Every structure is written in structure tokens, then in C-alpha cells.
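Okay, structure first, notes after.
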Amino acid sequence: MEEFDELYFKYSDRVYSYIFLMVGKKETAEDLTQETFVKMFRKRNQFDGDSKFSTWLISIARNTTIDYLRKQRPVYLWPFEKFSVLSAPESVELKVTTDETVKDVYKQIAAMKRTYKEVLILRKVQELSVKETAEILGWSEGKVKMVTRRAMEKLRLQMKEEVEPNESFR
């Protein structure tokens with residue numbers, strides 16, 4: 001049990017944030033995080049050390065989340081308070097502006113198809129390497145790079161469209 005507690009303490013925030021960004025509900029993310037760690041503990045003898053432990057654990061979290069999403073088909077209503085990118089003291093105006101930008105980015109990611117959402121969460125939010133992302137998703141490194149590039153292009157386009165609405169309605 002001490003080993004389990006140590007692993008949970010070390011990795012739970014990373015697992016929770018990944019799951020939360022995929023499902024968008026705090027309570028669901030908490031439940032799926034717990035389920036991920038239970039599965040990890042049951043399957044701990046299957047970890048072969050070919051990849052990093054954190055990569056293996058995120059793979060379990062991904063599979064657990066996908067199983068949930070297949071069953072639920074959830075509506076994405078995201079609370080964003082937890083995911084503020086500012087850490088240094090800053091002016092209130094700058095913080096509000098930046099928080100709104102972060103919220104907009106997460107909303108745009110939430111609206112994307114699952115493959116784009118997954119790769120952006122793993123590469124840009126979780127800051128995993130191309131290799132780690134490929135291991136988690138079961139893709140080649142080339143596919144991770146290609147899908148990341150396409151997802152980022154789509155995100156930029158969506159953000160631009162939000163900032164510059166279609167002027168044909170004037």
C-alpha cells in the first residue's frame with residue numbers, strides 16, 4: 001500500500017489533468033483517476049520497463065477515459081479555474097485577459113475531434129515528448145508530428161475565426 005500511495009502522490013495530478021481535459025467534468029475526472037490507479041495497481045506486474053512509467057500510466061488513463069467516453073457521449077461544459085498559466089504576480093487586468101485567452105484555447109480544444117484533442121493535450125498541455133505521445137497513442141512518431149501540426153493549424157484557424165468574425169453579416 002505504501003508503494004501505491006507513493007505512486008498516487010507522484011502521478012495523480014498529471015493523470016487527473018489529462019482526464020479532466022478529455023472529459024471536462026471534475027467529478028468524472030476524479031472517478032476516472034481513481035479507476036486508472038486501481039487498474040495500474042492490478043496490472044503493475046505487466047509494466048515491462050520498455051517505456052517510462054508515467055507514459056505507461058497515461059496510456060492506462062487514456063484507455064480508461066476512452067472507455068468512459070464511448071459509454072457516455074458527454075456534453076463538454078468545462079470549468080477552467082484550475083488551468084491558469086500565470087504563476088508570477090501580475091496586474092489584475094493582465095491576469096483576467098490571460099485567463100480569458102486560456103479559457104478560449106481550452107474551449108477550442110474541447111470542440112476538436114478526439115485525435116486532435118488527445119494529441120494537443122499530451123504534447124502541448126502535458127508537455128510530453130513525441131516519443132512518449134506515440135507510445136501512449138499507439139502511433140508512429142511521424143504520425144504524432146503530423147497530427148500535432150494539423151491540430152495546431154486547426155486551433156490557430158479556430159482562434160482566428162473567433163477573433164475575426166465573418167464580416168459578411170454587416
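The values are calculated or read from the model by the stated rules, or taken from the named source; none is laboratory data. Computed from a predicted structure; not experimentally measured. So basically every Cβ, Gly included, is an ideal-geometry build from the backbone, and we count neighbours across all protein chains shown.
Taking only pairs six or more apart or across chains, which ones have beta-carbon atoms under 8 Å, a first residue in segment 1-18 that is more than 17 Å from K39 (Cβ to Cβ), and a second residue that is surrounded by fewer than 17 Cβ atoms within 10 Å (Cβ to Cβ) and not aliphatic (A, V, I, L, M)? From segment 1-18, the pairs are S17/K82; S17/F83. Residues in segment 125-134: is at least one within 23 Å of E30 (Cα to Cα), in a helix (DSSP H, G or I) and at pLDDT 85 or above? Looking through segment 125-134, at least one residue is within 23 Å of E30 (Cα to Cα), in a helix (DSSP H, G or I) and at pLDDT 85 or above. Scanning segment 137-151 for residues that are surrounded by fewer than 16 Cβ atoms within 10 Å (Cβ to Cβ) and among the polar types (S, T, N, Q) gives a single hit, S140. For segment 52-74, which residues satisfy the criterion of being of a type in the set (S, T, N, Q) and closer than 16 Å to L7 by Cα? Hits for segment 52-74 are S54, T55, S59.
Would you confirm whether or not segment 19-41 contains a residue that is assigned to a loop (DSSP other than H, G, I, E, B), modelled with pLDDT of 85 or more and on the phi < 0 side of the Ramachandran plot? Taking every residue of segment 19-41 in turn, at least one turns out to be assigned to a loop (DSSP other than H, G, I, E, B), modelled with pLDDT of 85 or more and on the phi < 0 side of the Ramachandran plot. Filtering segment 120-136 to residues that are crowded, with 16+ Cβ neighbours inside 10 Å, more than 19 Å from Y16 (Cβ to Cβ) and of a type outside the set (G, A, S) leaves V130, E135.
Residues that are without any contact (Cβ under 8 Å) to a residue 40 or more places away in the chain and buried (at least 17 other Cβ atoms within 10 Å of the Cβ) within segment 19-52 comprise A29, L32, T33, E35, T36, F37, M40, listed in sequence order. Of the set (1) hydrophobic (A, V, I, L, M, F, W, C); (2) at pLDDT 95 or above; (3) over 26 Å from K71 (Cα atoms), all apply to F9 but (2).
When segment 105-120 is limited to residues that are closer than 11 Å to G24 by Cβ and basic (K, R), the one that is modelled with the highest pLDDT turns out to be K117.
Remark: pairs (first residue in segment 128-150, closer than 25 Å to Y11 by Cα and not assigned by TED's automatic domain parsing to the domain that holds I109; second residue at pLDDT 95 or above and among the basic types (K, R); Cβ separation under 9 Å; 6+ apart in sequence or on different chains) are absent. If we keep just the residues of segment 143-161 that are hydrophobic (A, V, I, L, M, F, W, C) and under 15 Å from A111 (Cβ atoms), which is modelled with the lowest pLDDT? Taking the candidates together, the pick is M159.
What residue, of T64, T98, is over 26 Å from E135 (Cα atoms), of a type in the set (S, T, N, Q) and either modelled with pLDDT under 95 or surrounded by 12 or more Cβ atoms within 10 Å (Cβ to Cβ) (or both)? Being over 26 Å from E135 (Cα atoms), of a type in the set (S, T, N, Q) and either modelled with pLDDT under 95 or surrounded by 12 or more Cβ atoms within 10 Å (Cβ to Cβ) (or both) holds for just one of T64, T98, which is T98.
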